[in-house]
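The values are calculated or read from the model by the stated rules, or taken from the named source; none is laboratory data. Quick caveat, the model's predicted, so the values are computed rather than measured. Heads up, the Cβs are rebuilt from the backbone with ideal geometry, glycines too, and the neighbour counts pull from every protein chain shown.
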Amino acid sequence: MFSMLMKSISMPGRKEALPGRDEPVLEPMPHAVLGNPIVPPYPEGLERIVLGLGCFWGAERIFWQTRGVWTTSVGYAGGYTPNATYREVCSGGTGHTEVVEVVFNPDVISLDAILQLFWESHDPTQGMRQGNDVGTQYRSAIFTDNDDQLNAALASRDAYEAALVKAGRGAITTEIALAEDYYLAEDYHQQYLHKNPGGYCSIGGCGVSFPAIED
């Protein structure tokens, strides 16, 4: 058991990662709540960002319920294994974390507001875990579409870390990088808490508000 736990909180190297497959594990269907496609192409003017904040079931619901979000999906990012399965990701052998792809209308909700919701909805100081969920697949992460988003994410991290330190909390461990590959998770994970209203949801913030932005 101890050796399995150690493996689950250690990132594999690229050469050690599971091989994966060429075929996606999902034939995409429209969003079960919003009715919009969960794969590109998306309407012109929308933006996307990929966020990891623990178990993706509850994380996705937070964002599909947010005004200005056009669609969401859940999947795997930040690792090496192409078209990984949930079982493979949970083994710790892919390097992926569970993520939500958030596609939003910046004329309705700003990137800053999306990032504030991200920070306040989980504890970004826990490394390879969220609460009782332990493993590389539960690490906090932000994967951005471009350098402007990346810079905004880094600035928001610094602002929230200052608030956390003031509140006596630890340093942020969130991985922040430009997005590479994003692989959709299996169909039963998509909009899971809509399909299973009484399902498990571990999402919860750490009780520290994002600092107000001064004009």
Residues in the stretch 50-57: is at least one of a type in the set (Phe, Trp, Tyr), crowded, with 20+ Cβ neighbours inside 10 Å and in contact with a strand residue (DSSP E or B) (Cβ under 8 Å, 6 or more places away or on another chain)?
yes
Exception for residue 183 within (1) assigned to a helix (DSSP H, G or I); (2) touching a strand residue (DSSP E or B) at 6+ places or on another chain (Cβ under 8 Å) falls at (1)
Within the stretch 110-147, of all residues that are under 14 Å from the mean Cα position of the chain (by Cα), β-branched (Val, Ile, Thr) and not in a strand (DSSP E or B), the one nearest to residue 65 (Cα to Cα) is 114
Checking residue 107 against (1) of a type in the set (Asp, Glu); (2) surrounded by 24 or more Cβ atoms within 10 Å (Cβ to Cβ); (3) assigned to a loop (DSSP other than H, G, I, E, B), which single condition isn't satisfied?
(2)
Just checking, which of 65, 137 is more than 24 Å from residue 22 (Cα to Cα), at pLDDT 95 or above and of a type in the set (S, T, N, Q)?
65
Please go through the stretch 165-203 and pick out each residue that is among the β-branched types (Val, Ile, Thr) and more than 16 Å from residue 54 (Cα to Cα).
165
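Residue-wise test of (1) touching a Ser or Thr at 6+ places or on another chain (Cβ under 9 Å); (2) within 21 Å of residue 87 (Cα to Cα); (3) exposed (fewer than 15 other Cβ atoms within 10 Å of the Cβ).
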{"position": "164", "(1), (2), (3)": "yes, no, no"}
{"position": "168", "(1), (2), (3)": "no, no, yes"}
{"position": "174", "(1), (2), (3)": "yes, no, no"}
{"position": "180", "(1), (2), (3)": "no, no, yes"}
{"position": "183", "(1), (2), (3)": "yes, yes, no"}
{"position": "188", "(1), (2), (3)": "no, yes, yes"}
{"position": "191", "(1), (2), (3)": "yes, yes, no"}
{"position": "201", "(1), (2), (3)": "no, yes, no"}
{"position": "205", "(1), (2), (3)": "yes, no, no"}
Pick out the one residue from 76, 42, 80 that is more than 22 Å from residue 176 (Cβ to Cβ) and among the aromatic types (Phe, Trp, Tyr).
42
How many of the residues making up the stretch 38-88 are touching a residue at least 12 places away in the same chain (Cβ under 8 Å), of a type in the set (Asp, Glu) and over 11 Å from residue 102 (Cα atoms)?
1
From 193, 164, 150, residue being more than 24 Å from residue 40 (Cα to Cα), of a type outside the set (Ser, Thr, Tyr) and not in a strand (DSSP E or B)
164
So, in the stretch 65-96, exactly how many residues are farther than 23 Å from residue 148 by Cβ, β-branched (Val, Ile, Thr) and crowded, with 19+ Cβ neighbours inside 10 Å?
4
